[in-house]
Amino acid sequence: MPAVADDNLLELGPVSKSFGSTPILRDVTLSVRRGEFMTLLGPSGCGKTTTLRIIAGFESPDTGRVKLDGADVTDQPPYERDVHTVFQHYALFPHLDVAGNIAFGMRMDKVPEAEIRRRIPEALAMVKLSGYETRRVGSLSGGQMQRVALARAIAGRPAVLLLDEPLGALDLKLRKEMQLELKNLQKKIGLAFVYVTHDQEEAMTMSDRIAVFNGGRIEQLGTPGEIYESPRTSFVADFIGGANIFTAKVLPGAAGRAHLLLEDEHELDVPLDAHETLPAPGRKVKVAIRPERVKVFYKDELPFGALRFDAVLQDSIFLGDGCQIYLRMFKKAPERLTVALAGGDRYAVHDDLGVPVIAAVQPEDVYILESDGD
Amino acid sequence: MKKGRGLALYCAGLYAFLYIPLAVMTVFSFNNAHRNVVWLGFTLKWYARLWKDADLMNAMLTSVELAAAAAAIAAVLGVLASYALTRHKNFHGREGYAALLDAPLMIPEVALGVGLLSFLVRAGFELNFGALACAHALICLPYSVGAARARLKSIGGERLEEAAMDLGASEWAAFVKVTLPLLAPAIVSGSLLAFTVSFEDFVTSFFLAGIGIVTLPIKIYAMMKFGVTPEINALSVVLLAATFILLGLNAWLAVRTGEATRL
């Protein structure tokens with residue numbers, strides 16, 4: 001599909017990288033479209049930051065190429081690449097004032113002084129710091145430094161903006177605010193962002209697409225909705241949103257459906273999604289159920305078509321805006337089922353510990369995971 | 001309370017021990033007598049005589065020139081060495097090399113002097129001002145390396161250079177536009193210390209001065225052969241004042257940049 005390929009601004013892959021004998025990245029392939037907000041999401045040590053540094057030019061891949069706007073930039077040093085980075089710890093120049101920091105990249109690019117003087121207030125306005133030109137960097141708060149770092153990176157109008165956990169050092173409230181602001185700014189200027197974070201909620205809020213990294217590989221790449229609604233592997237299911245993951249035996253069943261036996265001997269009969277595949281009968285497979293998709297009933301009033309799990313209430317945690325309860329399913333070997341209840345649903349569950357309940361899950365909310373993904 | 005007074009007394013004793021000899025010297029430099037025994041009234045004539053002593057003034061000038069040259073050489077080498085030691089993480093035996101740069105602080109200066117002298121003579125170098133300046137740079141180097149290295153570590157220069165390169169600066173431009181300006185206070189403070197060390201050095205100069213180079217400490221030594229005259233007292237007070245000014249400047253810099261370079 002050439003139309004799609006033309007739309008790719010940044011192409012990477014298949015990139016591998018080792019530090020000494022430790023493999024950091026294995027065959028990472030990634031493409032970022034014009035104006036896209038792409039998030040590299042994963043736990044620390046998963047390779048997301050190394051990927052970003054390879055795009056910026058601070059690391060060179062052992063194998064694989066980096067293409068920017070169609071041109072191979074793999075062997076270019078960082079200062080020749082048309083990408084700028086917003087660093088986690090800001091990395092503002094302490095000997096320059098705010099304007100001097102913002103002008104730095106443009107001066108290096110030999111932008112005419114008149115143009116630089118025009119663009120500094122423009123960049124400051126974009127990050128809502130108008131009038132801060134002559135402030136010293138040391139006198140700014142963390143949030144303000146982050147904004148200056150952002151202004152400095154966008155003022156030079158790069159083709160792609162790289163952001164390395166830029167909100168990691170801010171407190172929760174400021175972080176939430178900045179998430180929205182960043183997203184709005186990105187939409188407004190139409191710049192492609194490659195955003196590294198370990199915060200799945202942040203990734204969900206801001207991204208057009210998310211690449212979920214684990215152990216140096218991309219486990220899944222898709223829109224936030226796709227990743228949430230159809231996780232491919234148990235890692236993705238668990239890392240994004242959290243999930244109950246069970247091992248089940250495949251039983252012979254109808255085409256297009258999965259007939260499964262959980263280890264506690266609950267039987268499930270669920271439809272297969274288009275991307276889901278099932279191993280042969282007799283083999284094991286992993287399934288995931290989202291905690292917030294489980295309903296709990298105290299008497300036999302199961303919704304139509306729902307799968308039924310017999311359980312007892314084992315524990316509950318109050319979370320402020322809702323609560324999480326743990327059920328012990330007791331058919332044979334007990335397994336634990338985590339259930340998330342939204343606010344207002346039910347708070348007084350701790351009085352009921354030990355009470356038998358019925359948990360209900362709609363068959364389409366049971367995800368069949370890829371067998372190799374663990 | 002009693003405990004506090006005891007501590008105060010101890011401190012007073014310590015400072016008295018350190019500074020009374022200097023104070024006595026200072027007082028007698030204003031004494032209108034030829035010997036340091038009895039006080040015969042206030043005079044500035046010893047200072048006036050210093051001023052008129054052409055040999056002494058020449059020695060002073062030589063020492064200033066020498067110290068400036070040594071500090072400049074040490075500053076350049078020190079920045080380069082400290083940069084290599086902080087920036088290149090993986091080179092083998094880094095701490096060993098760092099220790100070797102500090103070694104001139106520990107090596108007995110007599111040994112250093114003998115070594116330098118026999119090396120320079122064997123190698124056929126002339127024992128001139130240049131050779132002496134290089135030798136002084138050697139004993140100054142630990143101070144300039146130490147100052148620059150501490151600063152490089154504390155500013156996190158690597159991150160800032162990466163940011164500069166990310167914004168389009170070549171490695172050289174990143175060094176000149178970012179690292180060097182941030183390093184400047186440390187270069188100045190390291191150089192002030194180096195200047196002081198060279199200015200007051202006696203042993204190395206004594207071994208290497210060869211013919212015709214008379215530094216101030218050597219001149220004082222020569223004058224001492226005829227006893228401690230009030231003139232020498234006056235000269236020492238001048239040197240003392242100069243040292244205090246340099247140290248004060250260094251302390252002021254430290255306060256301004258929030259960092260101290262210590263002797």
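The values are calculated or read from the model by the stated rules, or taken from the named source; none is laboratory data. Just so you know, these numbers come straight off a predicted model, no measurement behind them. When we count neighbours, we look across all protein chains shown, and the Cβ atoms used for this are built from the backbone with ideal geometry, even at glycine.
Worth pointing out:
- Inter-residue pairs, beta-carbon under 8 Å, first at pLDDT below 90 and in segment A:351-366, second among the hydroxyl-bearing types (Ser, Thr, Tyr) and crowded, with 18+ Cβ neighbours inside 10 Å, 6+ apart: A:Leu353/A:Ser316
- Residue within segment B:106-119 that is out of contact with any Asp or Glu (no Cβ under 9 Å at 6 or more places or on another chain), among the hydroxyl-bearing types (Ser, Thr, Tyr) and without any contact (Cβ under 8 Å) to a residue 40 or more places away in the chain present: yes
- Boolean, A:Asp27 is in the same structural domain as A:Glu80 (by TED's automatic domain parsing) and in contact with a Ser or Thr (Cβ under 7 Å, 6 or more places away or on another chain): yes
- Filtering segment A:296-303 for residues that are basic (Lys, Arg) and under 17 Å from A:Gly354 (Cα atoms) leaves a non-empty set.
- Scanning segment B:32-54 for residues being at pLDDT 85 or above and either of a type in the set (S, T, N, Q) or more than 15 Å from B:Asn233 (Cα to Cα) (or both) gives a total of 3.
- The numbered conditions (1) over 22 Å from the mean Cα position of the chain (by Cα); (2) at pLDDT below 90; (3) crowded, with 24+ Cβ neighbours inside 10 Å are all true for B:Ala186 except (1).
- In segment B:80-101, residue modelled with the highest pLDDT [restricted to those that are in contact with a helix residue (DSSP H, G or I) (Cβ under 6 Å, 6 or more places away or on another chain) and of a type in the set (S, T, N, Q)]: B:Ser82
- Per the conditions (1) of a type outside the set (Val, Ile, Thr); (2) at pLDDT 85 or above; (3) within 19 Å of B:Leu240 (Cα to Cα), the sole criterion not satisfied by B:Leu14 is (3).
- Test: residue in segment A:146-166 that is loosely packed, with under 13 Cβ neighbours inside 10 Å and more than 14 Å from chain B (Cβ to nearest Cβ): no
- Residue satisfying all of: in segment B:10-38; among the aromatic types (Phe, Trp, Tyr) and farther than 18 Å from B:Gly227 by Cβ; surrounded by the most Cβ atoms within 10 Å (Cβ to Cβ) among these: B:Phe30
- Search result, residues across segment B:203-226 that are out of contact with any helix residue (DSSP H, G or I) (no Cβ under 9 Å at 6 or more places or on another chain) and either touching a residue at least 24 places away in the same chain (Cβ under 8 Å) or not assigned by TED's automatic domain parsing to the domain that holds B:Leu117 (or both): B:Ile211
- Candidates A:Met126, A:Met204, filtered to the one that is more than 13 Å from chain B (Cβ to nearest Cβ), touching a Pro at 6+ places or on another chain (Cβ under 7 Å) and closer than 25 Å to A:Leu10 by Cα: A:Met204
- If you go through segment A:231-244 and keep only what is surrounded by 18 or more Cβ atoms within 10 Å (Cβ to Cβ) and either touching an Asp or Glu at 6+ places or on another chain (Cβ under 9 Å) or under 23 Å from A:Thr49 (Cα atoms) (or both), you end up with A:Pro231, A:Arg232, A:Thr233, A:Ser234, A:Phe235, A:Val236, A:Ala237, A:Phe239, A:Ile240, A:Gly241, A:Asn244.
- Positions within segment B:164-176 being crowded, with 20+ Cβ neighbours inside 10 Å and in contact (Cβ under 8 Å) with a residue 12 or more places away in the chain, in sequence order: B:Ala164, B:Ala174
- Applying the criterion of at least 3 residues that are under 30 Å from A:Leu92 (Cα atoms) and away from chain A (no Cβ under 14 Å) to the helices (runs of 4 or more DSSP H) found wholly in segment B:106-200 leaves B:129-155, B:180-199.
- All of (1) more than 16 Å from A:Ala248 (Cα to Cα); (2) surrounded by 14 or more Cβ atoms within 10 Å (Cβ to Cβ); (3) of a type in the set (A, V, I, L, M) hold for A:Ile317 with one exception: (2).
- Qualifying residue in segment B:178-195 (condition: free of Cβ contacts under 8 Å to residues at least 60 places away in the same chain and farther than 30 Å from B:Arg159 by Cβ): no
- Matching strands (runs of 3 or more DSSP E) fully within segment A:1-104 where at least 1 residues are within 20 Å of the chain's Cα centre (by Cα), away from chain B (no Cβ under 14 Å) and closer than 23 Å to A:Leu167 by Cα: A:22-33, A:37-41
- Of residues in segment B:201-212 being surrounded by fewer than 23 Cβ atoms within 10 Å (Cβ to Cβ) and part of a loop (DSSP other than H, G, I, E, B), the one nearest to the other protein chains (Cβ to nearest Cβ): B:Phe202
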